[in-house]
Each structure stands twice: as C-alpha cells, then as structure tokens.
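All remarks here apply to the structure that follows.
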There are 2 protein chains.
Amino acid sequence: MDSRDQHINFMRIAIRLSEQNVKKALGGPFGAVIVKDGKIIAKSANKVTLKNDPTAHAEISAIRIACKKSASFDLSGCVIYTSCEPCPMCLSAIYWAHIDKIYYANTKENAAGIGFDDQFIYQEIAKPHADRIIKSEQLLQDEASDAFSLWNESELKTEY
Amino acid sequence: MDSRDQHINFMRIAIRLSEQNVKKALGGPFGAVIVKDGKIIAKSANKVTLKNDPTAHAEISAIRIACKKSASFDLSGCVIYTSCEPCPMCLSAIYWAHIDKIYYANTKENAAGIGFDDQFIYQEIAKPHADRIIKSEQLLQDEASDAFSLWNESELKTEY
C-alpha cells in the first residue's frame, strides 16, 4: 500500500467516525484519528454533548487519548486525520501537542454552512480585544508577574 | 464589597493558584477561576505535565470542571478570571462554552517572555495554511460532506 492509499484509509476511518456519531445521535459530525509510525494510536468522534464538555471536539479528544496512551504531553512524530479542518481551539491544541501534520476533509466554511462557529471564532481571534464579542479586562498584572518570575527561576520545573 | 473588590478577590485566587503550581512543581504558572452568580464554581491550575495532557491549561481544566458541575456544555452567565491572557486554544474554548467575560492579568507577551508559545500560536493561526509551520493537506472532502448532510437532516441531534 503506497503512502497516498494509507492517508486515504486513515481519513476514511475519521470520516466513518463522523458519520456514525450523527447516525447514533452521539454528537456533532466530526471524527479524528492520530497515527504514529503508520499505526493508529487514538481515534475519537466529537463528544461535546455526550460528555457535557465543550472542549471535547474530535481532535482534542483524540489528542487526550493519544497522550494518555503515550504517557507524554508531546505527540511529535504523529499525524492527525480529521474529518473537518480544525477549529482554532483544536488547531492550537495540535500546536501545543507538537503534531507533525494535519490531513483534513471538510473546511471551516463547510462547518459554518451547517451552523458551527469555527469560522466565526477564527474571525474573533484575529480581532483586537476591544472589538471581540466576548470582552476582556486586565487586572492585577503587577501581582500575577510574580508567578512568572518564580517559573523563570525554578529548578524543579518541567518545561512543555 | 463592591464589584471591583469582588473581581480583585477572584483574580487573586487565580493568581495564587498560578504561584502554588510553580512552588509545588506541579505545572506551568497559570491559574483560572470560573464564577457564576458571584460564586466560584470551578478553579484549576495548569495540569499539562501533571496529567500528560497538552490541552490541560488552567482555563480548559476549569471549563471542564464547571461544565461537569453544571451538567451542561454551556457556561452562559459565567465569568472567567485567569492569571494570564488565554492562549488561542483557551480563548476558543471560552467561545465554545459561551462564557460572558474574561478577566486576565499577565499578557501573551509576558508569557512569551518566559518561553511559552501563546503569542507564536496566535501568529500561526492568523496565517494562510500554506505559510504555517504545521502543514495541512485536504483529502476526501467529497466523502466527508455526507456526515454534514446527515447532521443537517437529523431530527435527533443536540445542537451546541
């Protein structure tokens, strides 16, 4: 099986997860698969409503499973196959997890077309604080900076 | 106690969580508190290294606790106090959770100053796919669109 066939196989598994999730009324139409060294180490559908967890998108759920299985917070060397372009939450999680590459099928515009906020949140993040729908206010930066100095000086810390 | 004093009190709790996390070598210098109707319903420090979960930032961990406690994926009516400006993963999670307002102390520039990638990930998200460090490739959109049609037509779905 050549490399392109492999990518197609893994993506079809992610797509099947997305379809089954809707057919069984378990959650949104999204699935993701994480692969390392040509083997699946994690897969998940979207579990937001099932788990009452707004962060339980397919990609984040798969990342959590893959990290648990690897006993590591670092997924370097892994590839993610997701049935839809990651929302900014999941894209950022992919960065934090150091995943090597993303294969996606549907786009954020497709997701917007069936009522999901992915594209809207991309637009919000790009705005200055003052222009966003959810307002932000800064407080006590002078007091909070002590924790950052402690981190800088700590000899016990695990960097990530 | 007036409203400003209340905000300061809640932020000081978030800041204390961030400091204790470093002093006890449990994780990064970040803490978050979620408040509803003037009462704390969730608080967490960063647990990335403790839990081997790159998504376990203070804000996401607090959101998951608050949702579990509320038995809901929707935190409308809640406010979050975070010792540092949310990274794009956590900011997006705040949008998905429908939190009303964000109070923060340190900034993403401060976080960059002690080696965290928050600001870098903000920059990456704003770029077109082709210019990002983590590459993306589209596959099988024609096959993945079926799940979106199923979702559109489903009478059993729980929207979120």
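The values are calculated or read from the model by the stated rules, or taken from the named source; none is laboratory data. Computed from a predicted model, the values in this text were never measured in an experiment. For neighbour counting, all protein chains shown are included, and Cβ atoms are generated from backbone atoms with ideal geometry for every residue, glycine included. What goes into the accessible areas is simple: the full protein's heavy atoms, side chains included, and nothing from ligands, DNA or RNA. Shrake-Rupley method; radii C 1.70, N 1.55, O 1.52, S 1.80 Å.
Taking the C-alpha atoms only, the angle from helix B:3-23 to the longest principal axis of chain B is near 80 degrees. For the stretch A:22-76, the spread of Cα coordinates along the three principal axes comes to 32, 20, 13 Å, biggest extent given first. Measuring r between the beta carbons of B:K24 and B:T107 and using R0 = 22 Å, the FRET efficiency lands at 0.35. Using the alpha-carbon centroid of each, what span in Å lies between the stretch B:127-160 and the stretch B:1-75? Centre-to-centre distance over Cα atoms comes out at 32 Å. Listed values for the stretch B:78-93 are Karplus-derived 3J(HN,Hα) couplings in whole Hz (6.51 cos²θ - 1.76 cosθ + 1.60, θ = phi - 60°), namely 9, 10, 10, 10, 10, 5, 9, 2, x, 6, x, 5, 6, 4, 5, 4, and x replaces Gly and Pro.
Taking the square roots of five times each eigenvalue of the Cα gyration tensor of the stretch B:77-125, the equivalent ellipsoid has semi-axes of 20, 13, 6 Å, listed largest first.
Start at zero, step by 5 Å, and the Cα-Cα distances of the stretch A:54-102 spread as 5, 23, 38, 25, 8, 1 percent across the bins. On a per residue basis, the stretch A:106-154 carries 49 Å² of accessible surface, using protein heavy atoms and a 1.4 Å probe. About the centre of its Cα atoms, chain B shows a dipole size close to 1080 debye [charges on the beta carbon of Lys, Arg (+1) and Asp, Glu (-1) only; nearest 20 debye]. Checked against a 26 Å cut-off, the cross-linked pairs A:K68/B:K24; A:K69/B:K23; A:K68/B:K68; B:K24/B:K108; B:K47/B:K135; A:K23/A:K43 give Cα-Cα distances beyond that limit for A:K69/B:K23; B:K47/B:K135.
Amide H to amide H, with H built 1.01 Å from N, A:C78 comes under 5 Å of A:D100, counting only residues 5 or more places away or on other chains. The convex hull built on the alpha-carbon positions of the protein assembly as shown has an orientation-averaged projected area of 15.9 nm². Within the stretch A:7-160, the proportion of Cα pairs with more than 25 Å between them is 40 percent. Between A and B, roughly 8100 Å² of accessible area is buried in total, ligands, DNA and RNA not counted and the probe set to 1.4 Å.
As a fraction of the 1.4 Å probe accessible area of chain B, surface on carbon and sulfur atoms comes out at 47 percent. Backbone geometry of the stretch A:24-40 corresponds, through the Karplus equation with coefficients 6.51, -1.76 and 1.60 at θ = phi - 60°, to 3J(HN,Hα) couplings of 8, 6, 9, x, x, x, 9, x, 8, 9, 10, 10, 10, 6, x, 10, 6 Hz, x marking Gly and Pro. A 1.4 Å probe run over the protein chains yields, for the stretch B:8-102, 33 Å² of accessible area per residue, whole-number rounding.
Taking amide H positions as modeled 1.01 Å from N, with prolines and chain starts lacking one, the residues under 5 Å from B:L139 and 5 or more places away or on another chain are A:Y104, A:A105.
Among residues other than A:I134 with Cβ under 13 Å from its Cβ, the summed charge is -3 (Lys and Arg +1, Asp and Glu -1). Each of A:D146, B:D142 has its accessible area taken with a 1.4 Å probe; listed largest first, they run B:D142, A:D146. Computed from point charges on the beta carbon alone (+1 for Lys and Arg, -1 for Asp and Glu), the dipole magnitude for the protein assembly as shown about its Cα centre is near 1120 Debye. Proximity of backbone amide H atoms, modeled 1.01 Å from N, is registered between A:I41 and A:I34, A:V35, A:K36 at under 5 Å, excluding neighbours fewer than 5 places apart on the same chain.
Beta bridges per DSSP, both residues in chain B: antiparallel share near 70 percent. With a Förster radius of 22 Å applied to the C-beta separation of A:F120 and B:H129, the computed FRET efficiency comes to 0.75. The residues of the stretch A:52-67 occluded by other protein chains by 40 Å² or more of accessible area, set against the chain on its own, are A:N52, A:P54, A:T55, A:R64; surface from heavy atoms, 1.4 Å probe. Looking only at the stretch B:26-112, where both bridge partners belong to it, what percent of the DSSP beta bridges are antiparallel (to the nearest 5)? Just about 70 percent of them are antiparallel.
Quick check: the angle from helix B:58-70's long axis to the longest principal axis of chain B, C-alpha only, nearest 10 degrees? The angle comes out near 80 degrees.
Sequence-ordered 3J(HN,Hα) estimates for the stretch B:136-153 from the Karplus curve with 6.51, -1.76 and 1.60 and θ = phi - 60° stand at 10, 9, 8, 9, 6, 4, 4, 7, 6, 5, 4, 5, 5, 5, 4, 4, 4, 8 Hz, glycine and proline given as x.
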